[in-house]
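Enquirer: If you scroll down you'll find the structure; I have some questions about it.
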Amino acid sequence: MSPERIRVASYNVHAGVGTDGTFSPERIASVITELGADVVGLQEVHSGDGSFSMLDTLARATGMHAIAGPTHSRPSHGEFGNALLTRHKVVTVRQLNLAVTGREPRGALDVLLDCGSPLRVMATHLGLRPWERREQVAKLLQALTEDEGREGTATTVLLGDINEWFLWGRPLRRLHKHFRSLPARRTFPAGWPVFALDRIWVKPFSLVRRVQAHRSPAARLASDHLPLIADIGPG
């Protein structure tokens, strides 16, 4: 059973620092509001245990429920990493460890939502090295395939900053094979986007209605990445 028409988004918020070098969570919140999304996967967000929780600020400003998925802590700012904002009921939450020895810790949030029918959303931020991403994609696909039997009625969305600069890199080929390829929209750098670093995949593929980068003036300023949005649901 598929969910009603909903909008999902992925947004690397660059810790709230815009292309002008200004730290402004309020601008990030304004851009998220512009998206009109029901579910937003966030990367590079501070989520607590420090002097300031950017995630709490975004949740209050948008009226959405926040789920933190930190991958590591920073001494002055506390927990940092992935997060999810949603307007729908949260059923289950788990965190996947995508850490690769010797590299910055990475992970994925794996959340089951009740959107009238089940929606599984996996939000992630992959590493900077090709060999690192290959190992992380293998772990993601293992988690997806192991659980699809148990969660066989759930529509599945994988989204995030994949950090893949090459359109035909091996990690992308493996993800396209599992989900089928969706349009690659350029999202980075925000002021003049050249690279499609941010991606959304949906299974079943037939539910995808539209995928686009959000290119408003505010989005070009608030972070170094543009948000990516996808409308999914029955035709």
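The values are calculated or read from the model by the stated rules, or taken from the named source; none is laboratory data. Here the structure is a predicted model, which means the values were calculated and not measured. Here the Cβ positions follow ideal geometry from the backbone for every residue, glycine too, while neighbour counts run over all protein chains shown.
Enquirer: Select, from 234, 171, the only residue that is over 15 Å from the mean Cα position of the chain (by Cα), assigned to a helix (DSSP H, G or I), in contact (Cβ under 8 Å) with a residue 40 or more places away in the chain and over 25 Å from residue 25 (Cα atoms).
Expert: 171
Enquirer: Considering only residues that are over 24 Å from residue 25 (Cα atoms), modelled with pLDDT of 95 or more and either in contact with a helix residue (DSSP H, G or I) (Cβ under 6 Å, 6 or more places away or on another chain) or surrounded by fewer than 16 Cβ atoms within 10 Å (Cβ to Cβ) (or both), which ones fall in region 180-202?
Expert: Selection gives 194, 201.
Enquirer: Then there is this: Condition first: surrounded by fewer than 21 Cβ atoms within 10 Å (Cβ to Cβ) and not small (Gly, Ala, Ser). Now tell me which residues in region 157-169 satisfy that.
Expert: The first filter runs over region 157-169 and keeps only residues surrounded by fewer than 21 Cβ atoms within 10 Å (Cβ to Cβ), leaving 165-169.
Matches in region 157-169: 165, 166, 167, 168.
Enquirer: Related question: Surrounded by 18 or more Cβ atoms within 10 Å (Cβ to Cβ) and either of a type in the set (A, V, I, L, M) or not in a loop (DSSP other than H, G, I, E, B) (or both), is that true of residue 111? Working first, answer last.
Expert: Details: surrounded by 18 or more Cβ atoms within 10 Å (Cβ to Cβ): yes; either of a type in the set (A, V, I, L, M) or not in a loop (DSSP other than H, G, I, E, B) (or both): yes.
Yes; evaluated as a whole, the condition is true for this residue.
Enquirer: OK, next. Being out of contact with any helix residue (DSSP H, G or I) (no Cβ under 9 Å at 6 or more places or on another chain) and either on the phi > 0 side of the Ramachandran plot or at pLDDT below 95 (or both) is the filter here, so list the residues in region 130-139 that pass it.
Expert: Residues of region 130-139 out of contact with any helix residue (DSSP H, G or I) (no Cβ under 9 Å at 6 or more places or on another chain): 131-132, 135, 139.
Residue satisfying the conditions is 131 alone.
Enquirer: Still on this structure: Confirm whether residue 177 is farther than 23 Å from residue 19 by Cβ, surrounded by fewer than 21 Cβ atoms within 10 Å (Cβ to Cβ) and without any contact (Cβ under 8 Å) to a residue 12 or more places away in the chain. Can you show your working first?
Expert: Details: farther than 23 Å from residue 19 by Cβ: yes; surrounded by fewer than 21 Cβ atoms within 10 Å (Cβ to Cβ): yes; without any contact (Cβ under 8 Å) to a residue 12 or more places away in the chain: yes.
Taking the combined requirement at face value, the residue satisfies it.
Enquirer: Right, here's the next one. Given (1) touching a Phe, Trp or Tyr at 6+ places or on another chain (Cβ under 6 Å); (2) surrounded by fewer than 19 Cβ atoms within 10 Å (Cβ to Cβ), where does residue 141 come up short, assuming only one miss?
Expert: (1) is the only condition that residue 141 fails.
Enquirer: Tell me, yes or no, whether region 93-108 has at least one residue that is surrounded by fewer than 18 Cβ atoms within 10 Å (Cβ to Cβ), of a type in the set (Asp, Glu) and either in contact with a Leu (Cβ under 6 Å, 6 or more places away or on another chain) or under 28 Å from residue 26 (Cβ atoms) (or both).
Expert: The answer is yes, given that some residue of region 93-108 is surrounded by fewer than 18 Cβ atoms within 10 Å (Cβ to Cβ), of a type in the set (Asp, Glu) and either in contact with a Leu (Cβ under 6 Å, 6 or more places away or on another chain) or under 28 Å from residue 26 (Cβ atoms) (or both).
Enquirer: Another one. Search region 114-134 for residues being assigned to a loop (DSSP other than H, G, I, E, B) and without any contact (Cβ under 8 Å) to a residue 60 or more places away in the chain, and hand back the single one that is farthest from residue 200 (Cα to Cα).
Expert: The qualifying residue farthest from residue 200 (Cα to Cα) is 129.
Enquirer: Return the total of residues in region 181-231 being closer than 20 Å to residue 14 by Cβ, hydrophobic (A, V, I, L, M, F, W, C) and over 14 Å from the mean Cα position of the chain (by Cα).
Expert: Qualifying residue count for the region: 9.
Enquirer: Moving to a separate point now. Which of the residues that make up region 83-108 are in contact with a Ser or Thr (Cβ under 7 Å, 6 or more places away or on another chain) and either modelled with pLDDT under 90 or in a strand (DSSP E or B) (or both)?
Expert: Listed by number, the residues that qualify are 83, 85, 107, 108.
Enquirer: Additional query: Here are some conditions: (1) over 20 Å from residue 230 (Cβ atoms); (2) part of a strand (DSSP E or B). Residue 146 meets all but one. Which one does it not meet?
Expert: Residue 146 satisfies every listed condition except (2).
Enquirer: Quick one: residue 80 ticks every box in (1) part of a loop (DSSP other than H, G, I, E, B); (2) surrounded by 17 or more Cβ atoms within 10 Å (Cβ to Cβ); (3) aromatic (Phe, Trp, Tyr) except a single one, so which number is it?
Expert: Going through (1) part of a loop (DSSP other than H, G, I, E, B); (2) surrounded by 17 or more Cβ atoms within 10 Å (Cβ to Cβ); (3) aromatic (Phe, Trp, Tyr) one by one, residue 80 breaks only (1).
Enquirer: Yes or no: region 201-221 includes at least one residue that is charged (D, E, K, R) and under 30 Å from residue 21 (Cα atoms).
Expert: yes
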